[in-house]
Structures are given as structure tokens and as C-alpha cells.
Amino acid sequence: MIDPITEHPLRIGETVPLFAARSTQGPIDLSTYRGKWVILFSHPADFTPVCTSEFIAIARASAQFRERDCALIGLSIDSLYSHLAWVRMIRDMTGLEVDFPIIEDPTMEIAGAYGMISADALDAGTVRSTFFIDPKGVLRATTCYPPTVGRSVPEMLRLLIALQRVDGGDVLAPADWQPGDELLVTPRETVSDVLKPKDASGWFFNKTQDRE
């Protein structure tokens, strides 16, 4: 079950489609995740080298996402039983338990609704997308990688923390920002604020300490 597919790919600032699906942790209903951050990330197929490396890396970092009150949800078009076998193999290979749900999307409905694939796609070979969803169910950021290159888990965590830091609208995260680095103050937008500073850049490029 999923919300009707929109006529265009999902864009930042839009409310994400809700869905209900089977997962390795039991039935998943995305509506029950409102009130917390969610990272929905997809992979082309189970039992593939790059995807396996990603899930090992994400499983190792899962506690860091939980500490940020963020739920991880994996997705691929493979069946639930394939997911279960893959999770077992990862545990046997590494000793790591994949403690977040992986949902099945055999009809590619969810992948289509989220714009991971085109409406006429015959397979999900290009699906390696990540969606950062805020507590109100709004898409705040997205990334997409090719099948041949794995995503960066440290960047996933950095982007999540940055989104949470700027959520109040009073600060901005500059290029290459890392937790603890200085943030930028959101500039005011009046003539008096522009003319007030002696330095011409003072009204739009002010730094402030990261308070968290």
C-alpha cells in the first residue's frame, strides 16, 4: 500500500509518500515514524558486493543514528526472504546484526513513487538513493549513487546532523561543515541591516559557535 504516485520525481520540501510494506523487522507503516527523523535508503539488489559493503558499514554505525533519534529503513526490490537470507549471511560473515528493517518492494511501487526509477523502468539497477525525512514527513535532502559506487556512511551521518542543526532556521551549515565547527548566521534582509556593519560582508557572512 502506498500513496498515489505523483507526476514528477520527489523534490526537497515536499511531503514524502506514505507506504506500508513487509520488512525484516515485521510490517512497516511509514506514518508511524512521524515525530522522528527517518533515513530511507535503497540498494539495487541483495547479495551484491557494493550493497553488502554498505549494509555492513551502516550496521556498524546504526547506534550513532539512533543517538540522533533517527530511524534507518533499507529498501530493495528483492523479496523479504531474500532480505532475511542476506541479513543472515552478513551476520555469519562479520558477526554484525542488521538491526534496522529492510523492506521489500517487488513491484517497484515505492521506488517509483520516490522517483528512484522512471515510470517505465524494467528493473531497479540504478536504485541507490537516500532520502532524509524530517519529523513532519518532509523530504529535507536526497542523494543518489550509481550501482558501481557505494555511499559514504560518514557523509550520511554528517548530513543528518547538519540538517538537525539548521532546523530552527537561525543558522546555516557552510561548506565542509563538521559537527563542532562554526556555523553561519542566517542573514537579515533589511536595508538597515545591510548598511549597519562597517565591513560590507558583515551582514551576510557572520559565523557563530556550534552550540550542541
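The values are calculated or read from the model by the stated rules, or taken from the named source; none is laboratory data. It should be emphasised that the depicted structure is a prediction, and the values quoted were computed from it without experimental measurement. Quick reminder, even Gly has a Cβ in these numbers, built from the backbone with ideal geometry, and neighbours come from all protein chains shown. Calculation scope for accessible area: heavy atoms of the full protein, side chains included, ligands and nucleic acids excluded. Shrake-Rupley method; radii C 1.70, N 1.55, O 1.52, S 1.80 Å.
Values for this structure:
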read-out	value
R0 of 25 Å, Cβ-Cβ distance ILE56-ILE12: FRET efficiency to nearest 0.05	0.30
Low-density loop positions, trypsin sites (Lys or Arg not before Pro), region 5-59 - DSSP coil, at most 11 other Cβ in 10 Å	ARG11
Solvent-accessible area, 1.4 Å probe, carbon plus sulfur percent, for region 62-212	54
Partner aspartates and glutamates for LYS136 [C-alpha distance under 20 Å; skip if fewer than 8 residues away on the same chain]	ASP3, GLU14, ASP29, GLU67, ASP69, ASP167, ASP170
Rounded accessible area per residue of the chain, 1.4 Å, Å²	53
Per-residue SASA entry for ARG151, accessible area with 1.4 Å probe, Å² rounded to 10	20
FRET efficiency estimate (nearest 0.05) - Cβ-Cβ, GLU212 to ALA20, R0 30 angstrom	0.30
5 Å-binned pair-distance histogram of the chain (Cα, whole percent)	1, 7, 14, 17, 18, 15, 9, 7, 5, 3, 2, 1, 0, 0
